[in-house]
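Below is one structure; the comments refer to it alone.
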Amino acid sequence: MKNTHTTKGKNLHGFSIIEMLVVMFLFALLAFIVTQSTLQSFRGTRKVDASSRVRDNLDFAASLVERNVRNAKLITSACDGASHASISYTTQTGTTGSYTCSGGANQYLSDGTSGARITSSDINLTTCTFTCTSNGVYNPPIIDFVFAGTAANAAATDTSFATISRRVILRVY
């Protein structure tokens, strides 16, 4: 049965309740899909941003350690091929320096001489090791170090992880 009304000789057709409900349902479904894809995009952006911050911070710490250790005159910590939580060295001018993995569960890298924190408080190190290997009396030692960490303040869905590893051969020994 058609829903028609005549007004002054014109036939008018209206929409039924079911047609209106179907259209409203389709618009609600479309709005839900658009909202979810937008939220997913924002989550991905936050995760990439957190990962970038972690990688940048670890890269900064690694480059600082690499520069100071490469130019060291002498490695004064154990050079036995085992992994350690710190490394000590003597510079060309005779001053001593060191780097230490500190902090227990919320690990960070610090300047062992002054105690200043090198990695940001926004980063928790999950791995922080120094390995010194000596190749004999006339060869300089090789220092391998690995820093891995996550963003400290990231939500569980935005967890990010980065690892930096470097190998340094002393220039002068």
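Just so it is clear, none of the values below were taken in a lab; they were calculated from the coordinates. Worth saying up front: this structure is predicted, and the values here are computed from it rather than measured. Neighbour counts are summed over all protein chains in view; Cβ atoms, including those assigned to glycine, are modelled from backbone coordinates with ideal geometry.
Angle between the Cα long axis of helix 17-70 and the longest principal axis of the chain, 0 to 90 degrees, nearest 10? So the helix axis and the longest Cα principal axis differ by about 10 degrees. The label-point distance for R166 and T96, in a model that sets each label 7 Å from Cα toward Cβ, rounds to 2.3 nm. The Rg/Rh ratio for region 44-125, using Cα coordinates for both the radius of gyration and the Kirkwood hydrodynamic radius, is 1.04. Charges were assigned to the Cβ only: +1 to each Lys and Arg, -1 to each Asp and Glu. The resulting dipole of the chain about its Cα centre is roughly 640 debye.
Backbone amide hydrogens, once placed in the peptide plane, bring A72 within less than 5 Å of R171, excluding anything fewer than 5 places away on its chain. Of the residues A105, A50, A152, the one that moves most in a GNM of the chain with alpha-carbon contacts below 10 Å is A105. Annotation: amide H-H contacts under 5 Å for T126 (H modelled 1.01 Å from N, sequence separation of 5 or more, or interchain): A148, G149, T150. Using equal-weight Cα scatterers in the Debye expression, the normalised intensity of the chain in log10 at q = 0.10, 0.13, 0.15, 0.19 Å⁻¹ is -0.53, -0.73, -0.86, -1.14. Hey, what did region 1-147 get for relative contact order, percent, Cα under 8 Å, at least 6 apart? Reported relative contact order: 15 percent. Residue-wise HN-Hα couplings along region 92-98, as the Karplus relation 6.51 cos²θ - 1.76 cosθ + 1.60 with θ = phi - 60° gives them from phi, are 4, 8, x, 7, 9, x, 7 Hz; Gly and Pro carry x. Between I17 and N139, the simple spin-label model (points 7 angstrom out along Cα→Cβ) gives 8.8 nm.
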